[in-house]
Structures are given as structure tokens and as C-alpha cells.
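Structure record follows, encoded as C-alpha cells.
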Amino acid sequence: MRRSIVALSERVYDLVIVGGGIFGVCAAWDAAQRGLSVALVEKEDFAHATSANCFKIVHGGIRYLQHGDIIRVRQSSKERNAFLRMAPHLVHPFPIVIPTYGHGVAGKGLLRAGVLLYDLLTWDRNRGVKDPGRAIPRGHFISREEALDLFPSLERKELTGAAIIYDGHMYNPPRLALAFLRSAVEAGAIVANYVGAVGFLRTKQRVAGIQAKDMLTGEEFPISGRVVLNAAGPWAEHLLEPQPDLRLQPQGTYSRDACFVVARRLTGDYALAIQGRTSDPDAILSRKRRHLFIVPWRDYTLIGVWHIVHQGLPGEFTLTEEELQSFIDEINEAYPAFQLTRDDVSMWNAGLVLFGENKPGATDLSYGKRSRVVDHARSHGIEGLVTLIGVRYTTARGDALRVVDLVCKKLERKTPHPVSPATPVYGGQIECFEEFVRRAAMRRPAALSAEVMHALVRNHGSEYEGVLKYIREDGRYAGTVGSSTVLKAEIVHAVREEMAQKLADMVFRRTDLGTGERPKETALKTCADLMGEELGWDEGRKRNELAAVQGVFARYSHTVGTQRESA
């Protein structure tokens with residue numbers, strides 16, 4: 001991928017997309033695959049906000065059974081299947097243990113019925129999945145003794161056993177978004193990060209493109225398009241706000257969905273579902289409390305999710321020390337054996353998502369159910385503009401396909417059908433992932449450890465040779481950044497091929513360096529030096545980039561008693 005501002009204003013595009021999160025990039029990918037000319041701009045870095053800071057679970061929809069929402073169950077299962085087939089290096093199944101107690105709503109009877117119904121409703125959940133390691137098994141139940149073998153400190157009073165269900169897990173959400181984006185670029189899309197939309201180009205009752213601003217230089221320029229898709233997530237309404245005839249009614253409500261990262265594995269290979277303090281007011285029939293999940297991820301543990309309605313600007317949410325301590329207390333109440341303290345928490349993650357309607361001060365909150373699609377021709381009498389505000393990462397591909405269907409109707413273009421889930425995204429040309437990893441390890445350069453090679457394949461999939469070529473060209477790039485598994489070659493590759501413009505792009509989205517905990521200053525400086533060589537940074541620029549990254553860590557780990565460092 002090459003960042004070309006000039007190319008953005010050289011033609012009239014069929015579709016101009018504002019927003020480079022997972023919904024925007026999936027729309028770019030589908031539209032470009034169908035032969036539309038596409039331009040996509042993102043005012044910061046691709047997948048920098050909610051997409052990067054989600055809980056990393058690709059939900060198959062079992063929890064929507066308690067709402068009686070069969071359509072959402074089916075949609076979620078279908079989209080989980082698509083991610084597992086299209087990006088097998090970045091999405092994989094994982095087991096979740098749900099303890100059962102007594103014989104009421106928390107017992108085996110009700111849960112067994114729910115699991116059986118879910119398996120029946122998602123009978124085709126593995127359709128087209130050729131890799132056994134990417135198939136979602138049926139749910140099953142284990143005895144009390146087996147549950148205690150997995151989690152010896154479970155509350156034993158009335159414990160009857162546990163259900164084990166399976167869902168999808170993302171190894172690296174920003175790289176999954178990048179995989180869709182690179183596929184869109186290979187199909188002809190023109191994309192650029194750090195380009196913001198400052199307004200719409202209007203001709204009477206039609207939107208004819210956007211007025212864009214290069215956030216790196218300050219230059220403004222027009223991007224013309226027959227249709228504009230506003231996919232800016234929680235910023236979408238702010239883009240519409242200056243023009244009264246485009247404002248959404250009613251305005252959306254957004255939740256700050258927060259989770260935190262523990263810098264050690266707490267649960268082995270199994271995730272654990274525990275009951276938190278709040279209930280689900282929308283449930284027709286459910287267990288006593290909503291579940292919180294303790295999920296193994298790489299060498300860490302993810303714990304969440306907590307929701308709170310956010311009233312301010314999209315970029316102004318935070319997490320207080322009191323909130324973090326409350327989260328920790330809630331986990332320790334449900335499973336005292338963890339004995340979590342604030343020092344265990346290396347980072348917190350959070351993003352804004354569409355939420356349900358809730359009364360002020362409510363504790364038991366109603367969550368968002370559907371992504372919001374607005375055809376402004378129908379709602380406002382303004383042609384050439386569609387707004388998509390997504391509700392869950394899982395549904396991004398499917399929702400984007402439906403929006404591109406709408407765009408094609410507006411363009412009066414007969415295009416091919418949406419891309420099949422059998423079509424892999426960039427890096428996903430893998431028939432059997434474990435066999436692919438084994439073969440890659442056998443061919444790895446002598447300078448690379450098996451651990452480093454595995455991380456490289458997980459992030460880049462079938463395109464990992466594109467990173468190794470830099471090592472063959474220059475042996476300096478064979479080393480890792482500090483004690484991490486990130487190759488120096490990945491830094492060079494991300495600058496030359498993945499449009500990394502800032503050090504934060506590298507640390508938080510192109511590599512694994514800062515996704516779990518704060519790297520040492522020497523590791524960050526190594527990254528800055530390598531990027532500086534590629535981009536011509538002077539010492540002052542490198543100092544500014546380092547300060548900006550430390551500012552991000554200060555925000556996402558400032559509540560922690562001891563700021564952990566790795567690498």
C-alpha cells in the first residue's frame with residue numbers, strides 16, 4: 001500500500017468511504033471486488049479506535065438466544081464462519097467453560113436446552129471450513145469433577161458441572177482489518193490514513209464527495225464521488241452535525257466497552273465465564289447475572305467486558321482508578337483464587353459502540369442490537385450519501401455487503417454478487433493452519449527462533465515471505481526488537497508496504513510490540529530509529545514520536561500501580 005494524496009483527487013470515484021475501521025475497510029474490500037472505483041480515507045490510522053480496542057472475540061451469537069433474536073444468532077454464526085475461512089491465521093476457535101449450579105436458571109437443564117437449540121440453529125456453522133482446526137465444535141457438558149480439574153477454585157456449593165461452548169477469537173484485530181484493506185487495495189481501491197473529511201461537497205440536494213484534509217501537512221483538497229459512505233463509527237454523527245439537513249434523528253447512544261489485560265495466563269487454554277454484578281433487562285429468559293469472560297490471549301489474559309454510556313466527544317472517554325478497582329473487585333468476588341490486584345493489569349482497552357436506550361443512572365443496561373444504516377435520500381431527501389454505524393466487529397463484513405448492495409442500486413450498476421466467504425483475504429491463502437505453521441517453521445531462516453516464526457505467521461499468514469525478503473536483502477533486519485517476537489524486518493515492511501506513518505502505528509497496530517504491555521524505552525527507540533531511516537526523521541521528530549507513544553501508554557495504563565514493561 002502506498003499513500004498517494006494526488007491519486008485521491010484525480011478522478012470521480014463510484015464510492016468514497018470515510019472511516020478506516022473494520023466496517024469501512026470491509027465496505028472498501030467488497031466494493032472494489034465488485035469492480036467499483038473506491039477511495040477510502042481515515043483521519044487517523046486504520047483501525048486505530050474501537051476496531052483495535054475490542055475484546056477480540058468473534059461472537060457466534062449464542063448469547064442472543066436469551067433475547068429470542070434468531071436472526072442475529074444466524075447472522076453472527078455466518079459471519080464467524082466467514083472470518084474463520086477468510087483469515088485462518090488471525091481467527092481461531094477457543095473453548096469457554098460456563099459453570100452450572102443447582103437446578104434452576106443457573107443449572108444444567110436450562111443451559112443444556114440453550115446449547116442444544118443453538119447447535120440446531122447453527123447447524124451450518126462449519127459450512128465450507130476445510131481446516132479441522134478452524135471448525136467450531138458442538139457444545140457439550142462436563143461433570144463436576146471435570147470442571148474442578150480445569151478450575152479448582154470454582155465455588156463448590158451446588159456446583160453440578162459446566163458447559164463448554166466454542167467461539168471465535170482474534171489474534172490481532174488491527175491486522176485483520178489491514179488484511180481486508182490490503183485485499184481492497186489489490187482490487188484497485190485507493191486508500192490513505194491521516195486524511196480527514198472536513199465536510200461534504202454538495203450540489204443542491206446531492207452529496208458529490210468530500211472536502212478532505214491531509215492531517216500530516218494541513219493541505220485541503222476535494223475527493224469527488226458518486227456516492228459517499230460515512231463509516232466513521234462514533235464520529236459519524238459529528239461529521240453530519242454541521243449540516244442540519246443531514247443530522248440523524250434520533251441521535252445515537254454510545255457505550256464505552258472496556259476490558260483489561262493481565263500480563264499472565266490465568267486459565268490455561270480454556271476461557272472461563274463468570275457471573276458479574278449486572279443483569280440483562282432485554283433477556284426473555286436468562287441466568288441470574290450477565291457473564292464476564294476471562295480469556296487466554298497469547299501470553300496474556302483478557303477480562304471483560306464492562307459497559308457505560310458515554311456522553312462526551314468520541315475521543316474523550318477514559319477509565320478511572322475507581323472503575324478499574326471496581327472491575328478487579330468484581331472479578332475477585334466471582335473467582336477469589338485469581339487474587340487480582342492493580343499491579344496485575346498491564347493495560348486497559350476500550351472503544352465506543354452503538355448502545356441501546358437506557359434511563360439515566362441505570363445499572364442493568366440494554367445493549368445495542370443492530371448496526372445503523374441510514375440512506376439519506378430516504379431519511380433526508382439528500383442523494384449520494386449513506387451512513388453506516390456498526391455495532392459489533394463480528395458483523396462488519398455482512399453489514400458492509402448489504403450497504404454496498406444499496407450503493408450499487410444507487411449507481412444503477414449491475415455488479416457481481418458479494419464476495420464469497422470462500423475467498424481468503426490478504427494472507428489467508430492457507431488450507432490447514434497448523435500444517436502451514438509446521439512447514440514454515442521447517443523453512444525458517446537460521447537466525448529466527450520458532451517462537452518468532454510462529455508470531456510472524458500468525459500476523460502475516462501466507463504473505464510472511466514478504467517480510468522475510470527484507471532479511472535476505474539486509475541481514476541487519478533479522479534481529480528482533482528487544483526481547484519481543486517482532487522482527488526488525490517487520491518495521492521496514494510496515495513502512496514500505498503497510499502505510500505506517502507514525503511510531504504509534506507500528507507499536508499498536510502493525511506489530512505485537514505494544515498490544516499487551518508497555519515495551520522498554522530501548523525497544524521503542526529501536527523502532528523509532530528504523531522508521532526514521534525509512535521516512536527521513538531527524539532527532540527532533542523521533543523524540544516527538546516517542547513522546548506520543550508514551551502518551552498513549554500513559555492513557556491506557558495510567559491507572560495501574562506498577563507500569564509493566566516488556567521487550
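For segment 168-181, the tally of residues that are of a type outside the set (Ser, Thr, Tyr) and either over 21 Å from GLU44 (Cβ atoms) or more than 16 Å from the chain's Cα centre (by Cα) (or both) stands at 2.
Figure legend. Inter-residue proximity from segment 441-459: first residues farther than 23 Å from MET170 by Cβ and in the same structural domain as ALA489 (by TED's automatic domain parsing), second residues of a type outside the set (Phe, Trp, Tyr) and in a loop (DSSP other than H, G, I, E, B), beta-carbon distance below 9 Å, spacing 6+ or different chains. Indicated pairs: ALA447/GLY479; SER449/THR485.
Here is the figure for segment 375-389: residues that are part of a strand (DSSP E or B) and either in contact with a Gly (Cβ under 7 Å, 6 or more places away or on another chain) or buried (at least 19 other Cβ atoms within 10 Å of the Cβ) (or both) total 5. The C-beta contact set for segment 105-134 (first residue more than 30 Å from GLU434 (Cβ to Cβ), second residue part of a helix (DSSP H, G or I), distance under 6 angstrom, 6+ apart or interchain) comprises GLY114/LEU65.
Scanning segment 313-345 for residues being within 22 Å of PHE553 (Cβ to Cβ), loosely packed, with under 15 Cβ neighbours inside 10 Å and not charged (D, E, K, R) gives a total of 5. Based on what the data block shows, is ASP69 at pLDDT 95 or above and either of a type in the set (D, E, K, R) or in contact with a strand residue (DSSP E or B) (Cβ under 7 Å, 6 or more places away or on another chain) (or both)? No.
Scan segment 406-436 for residues that are part of a helix (DSSP H, G or I) and either under 21 Å from the mean Cα position of the chain (by Cα) or touching a residue at least 12 places away in the same chain (Cβ under 8 Å) (or both) and report the count. Reasoning before the result, please.
Looking only at segment 406-436, we keep the residues that are part of a helix (DSSP H, G or I), and these are 406-411, 433-436.
Applying the additional criterion that residues be either under 21 Å from the mean Cα position of the chain (by Cα) or touching a residue at least 12 places away in the same chain (Cβ under 8 Å) (or both) yields 406-408, 410-411, 433-434, 436.
Matching residues across segment 406-436 total 8.
Just name the residue that is surrounded by the most Cβ atoms within 10 Å (Cβ to Cβ) out of those in segment 19-37 that are of a type in the set (A, V, I, L, M, F, W, C) and within 18 Å of the chain's Cα centre (by Cα).
The first filter runs over segment 19-37 and keeps only residues of a type in the set (A, V, I, L, M, F, W, C), leaving 22-23, 25-29, 31-32, 36.
If we keep only those that are within 18 Å of the chain's Cα centre (by Cα) as well, we get 22-23, 25-29.
Numbers: ILE22: 31, PHE23: 31, VAL25: 34, CYS26: 29, ALA27: 31, ALA28: 31, TRP29: 32.
If we take residues in segment 19-37 being of a type in the set (A, V, I, L, M, F, W, C) and within 18 Å of the chain's Cα centre (by Cα), then VAL25 is surrounded by the most Cβ atoms within 10 Å (Cβ to Cβ).
The values are calculated or read from the model by the stated rules, or taken from the named source; none is laboratory data. Values in this document were obtained by computation on a predicted structure and should not be read as measured data. Please note: Cβ atoms are built from the backbone with ideal geometry, for glycine as well, and neighbour counts cover all protein chains shown.
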